[in-house]
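Shown next, in C-alpha cells, is the structure this report addresses.
The values are calculated or read from the model by the stated rules, or taken from the named source; none is laboratory data. Remember, it's a predicted structure, so these values are computed and weren't measured experimentally. Here Cβ is always computed from backbone atoms with ideal geometry, including for glycine, and neighbour counts include all displayed protein chains. Areas reflect the complete protein model, heavy atoms only, side chains present, ligands, DNA and RNA absent. Shrake-Rupley method; radii C 1.70, N 1.55, O 1.52, S 1.80 Å.
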Amino acid sequence: MSQTFLKRRLSQWGSALLVACVLPACMSMDERQTLTAPETRSTPRTHATAKPAPPPSAAPQDFAAAEGDDARATAESPAPREDRARKAPRGIDAELREEPAPEPLMVAPATGAMGGAVANGVIGRAQGAEMAKPSRMAPKKLEASARLTDKDVDGSDAHAGPQGNTFEAWKPNTFTETSKDPLSTFAADVDTASYTVARRYLQNGNLPPSSAVRVEEFVNYFKYRYAPPETGAFTVHLEAAPSPFDSKRHFVRVGVQGKVVSRSQRKPAHLVFLVDTSGSMASQDKLPLAKEAIKIAVKNLNENDTVAIVTYAGSTRDVLAPTPATDVKSIHAALDALQSGGGTAMGSGMEMAYKHAVKKASGKVVSRVIVLTDGDANIGPTLSPQAMLESIHKYVAEGVTLTAVGFGMGNYRDDMMEKLADKGNGNCFYVDSYKEAKKVFETQLTGTLEVIAKDVKLQVEFNPLAVRRYRLLGYENRDVADNDFRNDKVDAGEIGAGHNVTALYEVGLVKDAKESLATVRVRAKAPNGTEAAEQSFPFTRSLLRASLEAASPDFRFAVAVASTADILRGNPAAEGWSLATAQKLAEGAAAGDADRNEFVKLVSQARALSGASARGE
C-alpha cells in the first residue's frame with residue numbers, strides 16, 4: 001500500500017468520523033432551537049382533529065361560497081398534508097378550520113422553565129402536555145395586573161404586556177342554605193361570546209381555558225321555545241325536574257322571553273361601525289371577516305336606517321359620514337378600502353364613534369355603536385375599559401348603546417370586550433365564521449338593535465319549607481346585591497326584541513314538602529324610562545316534574561348545556577358529573593335543530609379531548 005493511498009484512506013475515515021461526531025450535535029441544536037423558539041406552539045393532543053396551518057400565501061376568496069364548502073368538508077376525512085393545498089376549500093371558514101389550534105389557558109400560571117419531549121414522533125414541549133389537561137382549580141376573579149394569557153403559560157415574559165388570548169376568571173357560585181339566605185339576585189345577560197370562543201377551541205382540537213367558560217353565555221347562545229308575552233315586554237317560564245347527575249338533587253329553570261318585534265316594526269336605527277384596522281387585525285378571521293359581517297348587517301337594515309364608519313389604528317379616521325343604508329354602493333366602497341396596519345388607539349376611536357352616535361340619539365331612533373375588534377388596545381390615553389367608558393359615559397347616559405363583536409385568536413381580549421359591553425349598556429358576541437356573522441348580523445339583528453327593556457334584574461326567593469339549599473349556575477359576573485334589587489340607580493342587563501334569558505339552579509329539596517318552591521320577581525325599566533316596574537311569578541309545586549323524562553325538551557337541553565359548561569370550567573361542584581350524561585341528555589332534546597346538533601358534536605369532541613388529556617396524550 002503506497003503512502004499516498006494510505007493518506008487518502010485515512011483522510012476518508014477521518015472525514016466520516018468527523019461527520020459522525022458533529023451530526024448529533026447539530027441535530028441536538030436544531031431540537032433545542034425548536035423547543036425554545038418563541039413562536040413554537042404545542043401540538044394538539046388529539047391528532048385526528050388537529051388542523052395544520054394554511055399556506056402563508058392563502059388569499060381571501062368568496063366568504064359565502066366557502067361556508068358551503070366548509071360544511072361539506074367537515075363530513076370528510078382530513079386530506080393528507082401533501083394534498084392539503086389542492087383539496088382544502090379556500091375562503092374564511094376554510095382558513096379558520098385549518099389554522100393552528102388556540103393553546104389552552106390554565107388558571108394557575110406556569111413556571112418559566114421549559115423542557116423538551118418527543119411523543120408520537122413529534123418534538124414538542126413537555127409543559128404542553130400539562131397545558132392540555134383541564135384544570136380542576138376553581139376560577140378566581142383576577143386583578144388586571146394578574147390576568148393570565150396564552151403567552152404566560154407559553155413561557156414568555158408575563159410582564160411584557162397583554163399578549164395572547166386574555167380571559168378573566170370568576171369563582172363559581174357555591175351552595176347557599178335557604179334558611180340563612182333565601183334570596184338570589186342577578187342581572188339579565190344575553191351575551192353569547194363565551195360559547196363561540198369555546199366552540200372554536202374545541203373545533204381546533206383543544207379544550208377551552210376554564211376561565212373562558214361562562215355558563216350563562218353557553219346556555220343563552222341557544223333559542224328556547226318559550227311562548228312570547230301576550231301583553232307587556234316579557235313573560236317568565238318556570239320548570240323543575242330531578243337531576244341526571246345526583247338523585248338527591250333537582251334542577252330549577254327560570255326562563256324570560258322578550259316580546260317579538262318584526263323588522264318592519266322596529267324603530268329607525270343609526271349605526272356607527274367602529275372598526276379596528278390596526279396591524280393585529282390583518283389575519284383572515286379578523287378584518288376581512290369583520291368587513292363581511294358589516295355588509296351582512298347593511299343588507300338587513302331598513303330604508304330609514306343610517307350607517308357611519310369610524311376606524312382606529314395608530315390614529316382615528318372618519319371613513320364614512322352618516323349614510324342611508326340604501327346607499328349600498330358607497331358603504332361597500334368604504335369597507336373595501338379598509339386595510340390593516342399600525343397601533344391600536346381604541347379609546348380615541350370610541351370617543352369619535354360615540355360623538356357620531358349621540359347626534360341622532362332619541363327616543364324615536366336606535367343609536368348604537370358597534371365595535372368590531374380583537375379587543376387589543378396598546379396606545380393612547382385610555383387603554384382600560386374603565387378609562388374608555390369614563391371618557392364617553394355622558395353619551396351612554398343620553399341613550400347610545402354598544403355592541404362589542406370580537407374576532408380572531410392569538411391576542412383576543414375577551415376580558416376587555418365583556419366589560420365594554422357591560423358598561424356600555426349593550427351586548428357581546430364573538431364571530432369565528434361567516435355562518436356566525438350571519439347569525440349575529442342577520443338572524444338576530446332586530447333583537448340586537450331594538451331594546452325592549454333595560455336594567456333588567458331577576459330575584460328568586462326560595463321557600464325554606466320546600467328548598468333546603470341552592471346554587472345558581474353561572475352569572476357570577478352579573479351578581480346584584482339583594483338589597484339593590486329595587487335600587488333603580490344600579491345598572492343591570494338589557495333584553496332585546498325576541499331575546500330569551502335562561503338561568504338554572506341546582507337545588508336540594510326538603511323531603512315530602514308540599515309547599516311552593518319559590519317566588520320569581522323581575523324588575524325592569526322601559527327603554528327610555530327612569531323608573532322600573534316589577535312583576536312577580538309563583539313557582540308552584542305543579543311545575544316540578546316527577547322525572548327528567550317528563551320535563552320539556554328545552555329544559556333537558558338547557559341542563560345539558562349548563563352542566564357541560566360547569567364541567568369544562570372545572571367547577572368543584574360538578575366534579576362527579578359526566579360529559580357522557582350531558583351528551584346523551586342533549587341528543588334526546590336536540591329535536592333536529594342545527595345549533596343543538598352542533599353542540600352534541602362539540603360535547604363528543606370535549607369527551608375525546610378530556611380522555612386524551614387524562615391519559616397525558
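At a glance:
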item: Estimated FRET transfer efficiency (residue 337, residue 490; beta-carbon r; R0 41 Å; 0.05); result: 0.40
item: Gain upon complete extension [residue 321, residue 231; 0.36 nm per residue less C-alpha separation]; result: 28.5 nm
item: Dipole magnitude of segment 528-587 about its Cα centre (Cβ charges: Lys, Arg +1; Asp, Glu -1), debye to nearest 20; result: 220 debye
item: Accessible area expressed per residue, segment 171-250, with surrounding protein chains retained (probe 1.4 Å, Å²); result: 33 Å²
item: Segment 479-504 residues near the modelled residue 390 label - backbone nitrogen below 20 Å, point 7 Å along Cα→Cβ; result: 491
item: In sequence order, calculated HN-Hα J values of segment 527-541 (Karplus, 6.51, -1.76, 1.60; Hz; x Gly/Pro); result: x, 10, x, 10, 10, 8, 10, 10, 10, 10, 9, x, 9, 6, 5
item: Cα lying deepest toward the dipole's positive end in segment 269-449, options 311, 421, 298, charges on Cβ; result: 298
item: Amide H contacts of residue 467 (H built 1.01 Å from N, under 5 Å, at least 5 apart or other chain); result: 510
item: Charge dipole (debye, nearest 20) of segment 269-449; +1 at Cβ of Lys and Arg, -1 at Cβ of Asp and Glu; result: 420 debye
item: Accessible area in square angstrom per residue, segment 269-449, 1.4 angstrom probe; result: 32 Å²
item: Efficiency of FRET between residue 530 and residue 330 - r from beta-carbon atoms, R0 30 angstrom, step 0.05; result: 0.20
item: Backbone N within segment 440-468 under 14 Å of label point (7 Å from residue 519 Cα along the Cβ vector); result: 459-465
item: Within segment 560-577, backbone nitrogen closer than 16 Å to the virtual label 7 Å beyond the Cα of residue 171 toward Cβ; result: 571-573
item: Two-site label geometry, residue 463 and residue 601: point separation in nm, points 7 Å out along Cα→Cβ; result: 4.5 nm
item: Built amide H within the under 5 Å cut-off of residue 319, gap 5+; result: 309, 310, 311
item: Karplus-derived HN-Hα couplings along segment 259-266 (A = 6.51, B = -1.76, C = 1.60, θ = phi - 60°), whole Hz, x at Gly and Pro; result: 5, 8, 10, 6, 4, 6, 8, 6
item: Nearest-20 debye value, segment 418-559 charge dipole, Cβ charges on Lys, Arg, Asp, Glu; result: 380 debye
item: With every protein chain in place, segment 269-449: carbon and sulfur % of accessible area (1.4 Å); result: 51 percent
item: Cut-off 11 Å between beta-carbons: net charge of the residues surrounding residue 394, Lys and Arg +1, Asp and Glu -1; result: -2
item: Centroid-to-centroid separation of segment 483-538 and segment 300-341 [C-alpha atoms, Å]; result: 39 Å
item: Residues residue 575 and residue 265, FRET efficiency given R0 of 51 Å [Cβ-Cβ distance, rounded to 0.05]; result: 0.60
item: Cα lying deepest toward the dipole's positive end in segment 269-449, options 440, 288, 356, charges on Cβ; result: 356
item: Projected area averaged over orientations for segment 269-449, convex hull of C-alpha atoms, nm²; result: 8.6 nm²
